[in-house]
Every structure is written in C-alpha cells, then in structure tokens.
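Undergrad: Have a look at this one before I ask anything.
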Amino acid sequence: MNIERLAELKLHSVWVGSNPDLVQASGGNTSWKEEFNVWVKGSGKRLKDAAAEEIFSLINYETLSEAEILLREDFSDRTLGTIVPSIEANFHILLRSRFVTHLHSLGSIAIGVSSNNFCNEIFQPDFHFVPYARPGVALVNEIKRVEKCSEKILVLQNHGVIFSGQSCNEIEGKIEKFELKIKNHFAQLPLFNAFPDWVEILTSGVLTPDEAVFLGEKPFIESERALSESVGINSRGELLFSERYSADRIELARFYVRVAKLIERKTSVNYLLKSEISDLLEWEREKLRIEMSK
C-alpha cells in the first residue's frame, strides 16, 4: 500500500469536508485506487474527520466483472474491516482515474436543479450532464453511458458533481474553477419576477437526495413558529428549528438556503418526484445514514 497516496486522500478529504459549500454533514465521498483495491469513504462517515479517525472502507474488486460492479448495491462482503462502504462505491470503481471525488457543492446543486439548460453554455466540452438517478446502481449505470466518463466533470441532475484525476491537487484545481465559474454565471444573470424567490424555491419541493434523507418530505414550510418535522421560515426570512434538529440537519438546511439565494429569480427549478423521494426514504441503506445523523 502506498502510504503517501493514502495520506494525500485523507488531506484532500479534510480539505473538501471542511468547506460547507462543498460538503455538508456526512454527504459526499472520496476514493483512491491502487491495483484492484479502492479506499472509499464509509457510509455515514464525515470527510472532514479523515485525519482524526478511520473513515475509509477498503474494497478489493479484483474478481468482479464490470457487469457485477454495475449491478452491486453493497460491497460489504468485499471489504477489509468493519466500515460499511459508501452507497456510491460502484462509480468510484467504475471511473478509472486514481482519485475520484463526489461533492454536493453549492455550484453543482445550483446548476443541477436549474430548469434552464445552463450547463451547455458554461462547461462544454469539459463536462457531461447526467440525468437524475437514485444513488447506487441506477446512478452508476447512467454514468456508464457517458463516453470517456473518467475524463469528464460529471454534473448530476438534482444531486451534485463528480471529479476524477490522477492527483488530489488536480481535482482541487478543477473544483475551484468549477465553483467560481458557476457563481460568476449566476451573478451575471438578470432577475425575472416570473422565477421563484428563495423562499418559494425551498418550500415548493425537495431538491436532492440528501435533502430528502436528512430533512424529510417537506424540508421547509413558511411558519412563524418552529415545527417538529420541517424547518420553519418566518416572515422575516429567519430559519426556525425544532429542538430535535441535530447539528447535521441544521447545517444542511442552511446550505440549501445558500443554494436558493444564489439562483432565486434567475431560473425555474426542477424537484425530485414524490416517487423518487419515497424510494429514498424507504431504502434500507439510506435509513443507516438517517440514524447516524440523529
């Protein structure tokens, strides 16, 4: 095992995990591959903790065919140790670059929920826009359809973004350019009253899988008092949290406010379907993350 490469992965994980505009709570994941082994963040673990504790699951995939990788929901029987690998371990294996980083970043969520097809304007030909698919098998099969997927920045509709590279420095450079380009793009767009403001964006539906998992079917509701199952937004634009809300859930809620304020009055918005939300909330693998966040 290359100790220096694993140390590089840990430092990179802390770098992205300590920035709430890139990663929130236990969201996102990173990986490093050597031969037929991949170190990938464990389910429910926090990237910012990579230097202080063991957060990576080690998977050996030497005897797995690509077809098996594309169909596997769980790689626990291929791991060394007790850390359960990320739900999204299969795309970390599929993508051939040495390092892979998946973020739920401010820029990627803003672009990924926008109804207007801004991606073609901003990124062509360095990116590929991947239609929404449930994390795991459905998502890795969408990624498989992308030509030269390991060489692209993969913008995931209503989900986030995936970067690949041969070093963490390379990926970090891509992340900084990507996020700045999106923020500048939205800053230059004109305002239209026909598009929703930030409160309407947040109270009209669920934007991403993590919002559904951590904040529920109705994440935000206009209210003058704190609510037990949703974040209240009062008439002064303040967030009201129940005493039951964990620090992770509060961090997620504040992140989605920043997303909504970046895109308000500048685009219409795509939301997850009710069937997609139910699918996530009833999934046993996501129930693990829900319990760990409380």
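The values are calculated or read from the model by the stated rules, or taken from the named source; none is laboratory data. In this text the structure is predicted, and so the values were computed from the model without any measurement. Quick reminder, even Gly has a Cβ in these numbers, built from the backbone with ideal geometry, and neighbours come from all protein chains shown.
Table: residues versus (1) touching a helix residue (DSSP H, G or I) at 6+ places or on another chain (Cβ under 7 Å); (2) outside any loop (DSSP other than H, G, I, E, B); (3) within 20 Å of V146 (Cβ to Cβ); (4) not assigned by TED's automatic domain parsing to the domain that holds V130.
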site	(1), (2), (3), (4)
H12	yes, yes, no, no
V16	yes, yes, no, no
N19	no, no, no, no
V23	yes, no, no, no
K41	yes, yes, no, no
G44	yes, no, no, no
V100	yes, yes, yes, no
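Undergrad: Moving to a separate point now. From the list A89, A50, A110, exactly one residue is within 21 Å of the chain's Cα centre (by Cα), closer than 21 Å to E211 by Cβ, in contact (Cβ under 8 Å) with a residue 24 or more places away in the chain and not assigned by TED's automatic domain parsing to the domain that holds E211. Which is it?
TA: Working: A89 fails: closer than 21 Å to E211 by Cβ; A50 fails: closer than 21 Å to E211 by Cβ.
Step by step, each of A89, A50, A110 is checked, and only A110 is within 21 Å of the chain's Cα centre (by Cα), closer than 21 Å to E211 by Cβ, in contact (Cβ under 8 Å) with a residue 24 or more places away in the chain and not assigned by TED's automatic domain parsing to the domain that holds E211.
Here is a yes/no grid of residues against (1) out of contact with any Cys (no Cβ under 7 Å at 6 or more places or on another chain); (2) closer than 22 Å to Q24 by Cβ; (3) at pLDDT 95 or above:
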residue: E172; (1), (2), (3): yes, yes, yes
residue: I182; (1), (2), (3): yes, yes, no
residue: Q188; (1), (2), (3): yes, no, no
residue: V213; (1), (2), (3): yes, yes, no
residue: G216; (1), (2), (3): yes, yes, no
residue: L227; (1), (2), (3): yes, yes, yes
residue: N234; (1), (2), (3): yes, no, yes
residue: S246; (1), (2), (3): yes, yes, no
residue: I250; (1), (2), (3): yes, yes, yes
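Undergrad: Restricting attention to the range 239-270, which residues are charged (D, E, K, R), more than 16 Å from the chain's Cα centre (by Cα) and within 15 Å of L202 (Cα to Cα)? Talk me through it step by step, then tell me what you get.
TA: First pass over the range 239-270, keeping only residues charged (D, E, K, R): 243-244, 248-249, 251, 254, 258, 261, 264-266.
Filter again for more than 16 Å from the chain's Cα centre (by Cα), leaving 243-244, 261, 264-266.
Once the filter is applied, which keeps residues that are charged (D, E, K, R), more than 16 Å from the chain's Cα centre (by Cα) and within 15 Å of L202 (Cα to Cα), the range 239-270 yields K261, E264, R265, K266.
Undergrad: Hey, among L47, L58, L103, which residue is at pLDDT 95 or above, under 23 Å from G17 (Cα atoms), surrounded by fewer than 20 Cβ atoms within 10 Å (Cβ to Cβ) and in contact with a Gly (Cβ under 7 Å, 6 or more places away or on another chain)? Quick ask: steps written out before the conclusion?
TA: On the way: L47 fails: surrounded by fewer than 20 Cβ atoms within 10 Å (Cβ to Cβ); L103 fails: surrounded by fewer than 20 Cβ atoms within 10 Å (Cβ to Cβ).
It is L58.
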